[in-house]
1. Given the conditions (1) surrounded by 22 or more Cβ atoms within 10 Å (Cβ to Cβ); (2) not in a helix (DSSP H, G or I), which single one is not true for W113?
2. If I filter region 148-158 down to residues being within 19 Å of the chain's Cα centre (by Cα) and outside any loop (DSSP other than H, G, I, E, B), which single residue comes out as nearest to the ligand (Cβ to nearest atom)?
3. In this structure, does H134 turn out to be part of a loop (DSSP other than H, G, I, E, B) and under 23 Å from L209 (Cβ atoms)?
4. Scanning for something modelled with pLDDT under 90, within 16 Å of the ligand (Cβ to nearest atom) and not β-branched (V, I, T), does region 202-219 turn up at least one residue?
5. Can you tell me which of E145, E82, E77 is within 16 Å of the ligand (Cβ to nearest atom) and either under 24 Å from L41 (Cα atoms) or not assigned by TED's automatic domain parsing to the domain that holds F299 (or both)?
6. Quick one: which of T179, T119, T163 is in a loop (DSSP other than H, G, I, E, B), away from the ligand (no atom under 16 Å from the Cβ) and buried (at least 22 other Cβ atoms within 10 Å of the Cβ)?
7. Taking the residues in region 132-142 that are among the hydrophobic types (A, V, I, L, M, F, W, C) and within 13 Å of the ligand (Cβ to nearest atom) as candidates, determine which candidate is surrounded by the most Cβ atoms within 10 Å (Cβ to Cβ).
8. Return yes or no: is A89 in contact (Cβ under 8 Å) with a residue 40 or more places away in the chain and over 18 Å from the mean Cα position of the chain (by Cα)?
Amino acid sequence: MHHAVWYKLCSQHTQNRSLTFLPWIEDDETAYSFCSTTHRLSGSANGETTSLNLFGIRSGAWRHAQPHSLPRLPLPETDTPEGAFRWAARHTVAGLYIPFMTPSARHVATAAWTAREPTRSLNYRMPGSFWPQHPLKWCPDCVSEDIARLGRPYWHVSHQLPTTWLCVQHRRALFWVPTRYMRWLLPTDVLCRAKRRSLGDDCAQLGNLLASLGHVVLSSDGAAVDLSLAQSRAAERLLKLGVRCLSSVVRDASLDEWFRTTETSKFLNACPAWLSNLAQGTWISQCLDPSRKLHPVLFLVLWSSLQWRSSELACAALVDAAWGNRLASRAQTPAIHATTRSTRPLCTT
Ligand SMILES: [Zn+2]
């Protein structure tokens, strides 16, 4: 969309609000980042005022993974189901979850995104006691480049995925803040060393693989995954690796045992508690059970453990398993959301 068209559309949304300036939103920028930048440009010291202008509620800042209401934001085309769906897929972590939603779950999610009233957070719960978390994450090198290029830093959607802990552009571990700050923050606000966390660069190989797989899912633009095909391809791969996989309906202890020997399990042990709980592999049988919901976090973690020779091969195989031939051409360019500035290859061995 041309910038002039963007500003004209945005201005139509701001006629009755006290928002003077609106930022352009980058391809890989979160809706929360757009709100934080709007707050900064407003010159207001009061985040509640910005929340009221954006959403009609005072506490709009606390939910950075999903905004309270997409149609209330001064963004074009968010007031139609198609537009709201597209914005959610491209500018929130929902881009990871949408492709794995069943048709009925998509219907519920789209209804929530098109509601003008502040909506409750969508439920991304995994089977069992695992809950994916979405702390604010950033890459210091991306922050420097964004400031040099745009004059401002922003939160990248691709960094916020629950399975992404490394920046594939710079091959360095992401920083994150473990708590919610209930404020409109930008990455430069949380660079404080005492508060930030990082897995360190020792986890680069698995971190790169998981981040690359996340890019592949984001790049699908919300296209529905063939869930049963994806599960059967994972089971086939396990058999090819010589891993006994007798039944997907009951828990198979040998699968757990095998998983604990993988690099993925070691990587998970270095992650925050909710992810390190997956290191024992007790969830794999459920993940392969066709009668159960296939969760994207579990599936990507399982896929990363299947002993691929390179990230490129893992990504191409994921496209084939999840979407068949429909998205095969995208296996070559999985980083369509990574940013328009990047010319570096996404996946490296
Ligand atoms: Zn980076």
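The values are calculated or read from the model by the stated rules, or taken from the named source; none is laboratory data. From a predicted model like this one, the values you see are computed outputs, not experimental measurements. Cβ sites come from the backbone with ideal geometry, for glycine too, and all protein chains shown count toward neighbours.
1. Failing condition for W113: (2).
2. H156
3. Yes: the conditions hold for H134.
4. There is at least one residue in region 202-219 that is modelled with pLDDT under 90, within 16 Å of the ligand (Cβ to nearest atom) and not β-branched (V, I, T).
5. That would be E145, the only listed residue that is within 16 Å of the ligand (Cβ to nearest atom) and either under 24 Å from L41 (Cα atoms) or not assigned by TED's automatic domain parsing to the domain that holds F299 (or both).
6. T163
7. Here the residue is W138.
8. Judged against the criteria, A89 is not a match.
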